[in-house]
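The values are calculated or read from the model by the stated rules, or taken from the named source; none is laboratory data. Only a predicted model underlies this, so the values are computations on that prediction, with no experimental measurement involved. All Cβ positions, glycine included, derive from the backbone under ideal geometry; neighbour counts span all protein chains shown.
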Amino acid sequence: MEQGRYFPIAGMVIALVTGLIMIFAGVSGWLVGAAVLIWIGSFWLAVPPPPASTADPREGVQLTTSGMRDLVEHSGLPMVLLDSNRIIIANAAAREVMGEHMLGQDARVVFRHPEAVDLLTRPEGGSATIHGLTGTRSNWQVSRHPIDQRYSLIELVNRTAEADVSRAHTDFVANASHELRTPLASIIGYMETLADAQADIDPERTARFHTTVLREARRLQALVSDLMSLSRVEAEKHDQPREPVDLIPLVQQAARDGATHDRQDRLEFALGEKTLMVRGDRNQLEQLVRNLVENAFKYGSADAPVTVGVERGERDMAILSVRDRGEGIAPEHIPHLTRRFYRTDPGRSRAAGGTGLGLAIVKHIVERHRGRLDIASQPGSGTCVTIALPLAA
Ligand code: ADP
């Protein structure tokens with residue numbers, strides 16, 4: 001018998017019996033013979049062969065698993081097929097995450113985590129969020145979909161970045177609330193004392209209280225203004241500014257504003273060009289220069305100059321630098337300086353009217369302009385912040 005050819009026995013028997021009945025009914029034998037022959041022949045030709053039935057009942061499953069392996073191999077999502085708890089397929093993404101050795105192993109050993117093991121033992125499947133599966137800070141959503149009583153599919157979705165973003169948001173709100181609450185508490189405390197009719201406060205103390213209330217109110221104002229700037233720059237970060245701006249006069253004016261009237265004599269310029277065009281957002285570039293110059297005066301030496309330089313750099317970049325001769329910054333702080341509310345010395349920053357947001361705003365403005373920010377500092381001799389911005393074509 002030809003491999004896979006199927007005999008429709010029941011149909012043939014019916015055809016033969018019908019043929020006999022027709023002969024008994026008096027139909028010509030030749031005609032009945034021809035009709036039965038055509039009938040049986042049509043069964044033979046028209047009925048498709050059923051799937052190959054093989055001696056090994058698992059062979060059908062083997063074919064399915066190899067097809068499935070091809071199907072999931074290049075998916076970006078890590079996927080694993082389990083035979084009971086043994087891993088029989090792990091696509092490239094899964095092997096990259098959990099290691100090549102995972103194939104053939106018990107999934108409970110590979111995933112190890114108690115929540116993952118619990119998920120593997122649940123017959124109905126489901127999903128669980130697992131912390132620390134691939135690293136202490138990692139966050140994975142693991143889902144198990146049972147296919148039948150024996151096979152199940154596991155899908156892994158990396159939620160680490162989302163968890164980081166949500167943690168950063170929570171930290172930011174907590175920090176911002178703390179920063180706002182402190183001056184508010186101070187203002188309320190002083191105002192309550194001043195408003196207390198019983199309190200006999202001499203005019204000198206009253207004047208001191210007023211000064212403190214005003215200073216704290218200004219701090220609140222600076223904080224709210226920096227928070228608004230930060231949220232504006234963040235909202236526009238994907239929208240690269242197009243307006244042609246001459247950096248030289250802009251930097252000169254913004255640096256003078258940042259130095260304020262009483263420190264103009266310590267402000268120096270080192271301008272390599274008469275004009276240097278970039279494409280930018282004028283207000284944000286002014287704010288960037290003001291923030292850097294304010295910091296240079298805040299944290300620089302009280303009697304040494306602050307130098308603001310602008311020159312044409314390599315690869316069609318304009319280089320802006322702000323250098324002070326202060327105490328400098330210890331190297332371990334440098335990578336964190338652009339984080340919101342990060343300060344090396346919170347007391348000094350607050351006393352100088354700092355909000356802890358100046359460099360975070362600078363970083364976002366630089367990113368929006370597709371530029372680069374570099375902070376170099378030598379403890380004891382000062383800090384130089386350099387910004388490279390692409391020149392306008
Ligand atoms: P702040 O409002 O506190 O100045 P910034 O974001 O502008 O906030 O700066 C963050 C921290 O970086 C400051 O608190 C300070 O500790 C440090 N810093 C910034 N610029 C300088 C500088 N030129 N010299 C020394 N430290 C600096």
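If you take just the strands (runs of 3 or more DSSP E) that sit entirely in segment 112-166, which of them hold at least 1 residues that are of a type in the set (A, V, I, L, M) and exposed (fewer than 15 other Cβ atoms within 10 Å of the Cβ)?
In segment 112-166, the matching strands (runs of 3 or more DSSP E) lie at 151-158.
Please pick out the residue among Leu267, Leu292, Leu227, Leu271 that is surrounded by fewer than 21 Cβ atoms within 10 Å (Cβ to Cβ), touching a strand residue (DSSP E or B) at 6+ places or on another chain (Cβ under 7 Å) and either among the charged types (D, E, K, R) or within 23 Å of Arg348 (Cβ to Cβ) (or both).
Leu267
Here is a list: Gln141, Gln149. Which entry is over 21 Å from the mean Cα position of the chain (by Cα) and farther than 30 Å from Leu227 by Cβ?
On inspection, the qualifying residue turns out to be Gln149.
Tally time: how many residues in segment 322-364 are more than 8 Å from the ligand (Cβ to nearest atom) and more than 23 Å from Met228 (Cβ to Cβ)?
Final tally of qualifying residues: 10.
Could you tell me whether segment 303-316 includes any residue that is modelled with pLDDT of 95 or more, within 14 Å of the ligand (Cβ to nearest atom), within 30 Å of the chain's Cα centre (by Cα) and not hydroxyl-bearing (Ser, Thr, Tyr)?
Within segment 303-316 (the criterion being modelled with pLDDT of 95 or more, within 14 Å of the ligand (Cβ to nearest atom), within 30 Å of the chain's Cα centre (by Cα) and not hydroxyl-bearing (Ser, Thr, Tyr)), the answer is no, since none of the residues qualifies.
Only residues that are acidic (Asp, Glu) and within 9 Å of the chain's Cα centre (by Cα): list them for segment 156-172, please.
Across segment 156-172, the qualifying residues are Glu162, Asp164.
Scan (1) more than 37 Å from the chain's Cα centre (by Cα); (2) part of a helix (DSSP H, G or I); (3) surrounded by fewer than 16 Cβ atoms within 10 Å (Cβ to Cβ) for the single condition Ile201 breaks and write down its number.
The failed condition is (2).
In this structure, does Arg58 turn out to be at pLDDT 90 or above and basic (Lys, Arg)?
No: the conditions fail for Arg58.
For the structure I just gave you, tell me whether Ala195 is over 39 Å from the mean Cα position of the chain (by Cα), of a type outside the set (Lys, Arg) and more than 22 Å from Phe297 (Cα to Cα).
Yes: the conditions hold for Ala195.
Scan segment 111-162 for residues that are touching a Lys or Arg at 6+ places or on another chain (Cβ under 8 Å), without any contact (Cβ under 8 Å) to a residue 40 or more places away in the chain and among the hydrophobic types (A, V, I, L, M, F, W, C) and jot them down.
Ala116, Val117, Leu119, Leu120, Trp140
Any idea how many residues of segment 87-111 are exposed (fewer than 13 other Cβ atoms within 10 Å of the Cβ) and not in a loop (DSSP other than H, G, I, E, B)?
4
Can you find a residue in segment 284-293 that is more than 16 Å from the ligand (Cβ to nearest atom), in contact with a helix residue (DSSP H, G or I) (Cβ under 8 Å, 6 or more places away or on another chain) and farther than 30 Å from Leu220 by Cβ?
Scanning segment 284-293, I find no residue that is more than 16 Å from the ligand (Cβ to nearest atom), in contact with a helix residue (DSSP H, G or I) (Cβ under 8 Å, 6 or more places away or on another chain) and farther than 30 Å from Leu220 by Cβ, so the answer is no.
Leu31 fails exactly one of the following numbered conditions: (1) over 30 Å from Ala15 (Cβ atoms); (2) in a helix (DSSP H, G or I); (3) at pLDDT 80 or above. What is the number of that condition?
Here Leu31 meets the rest and fails (1).
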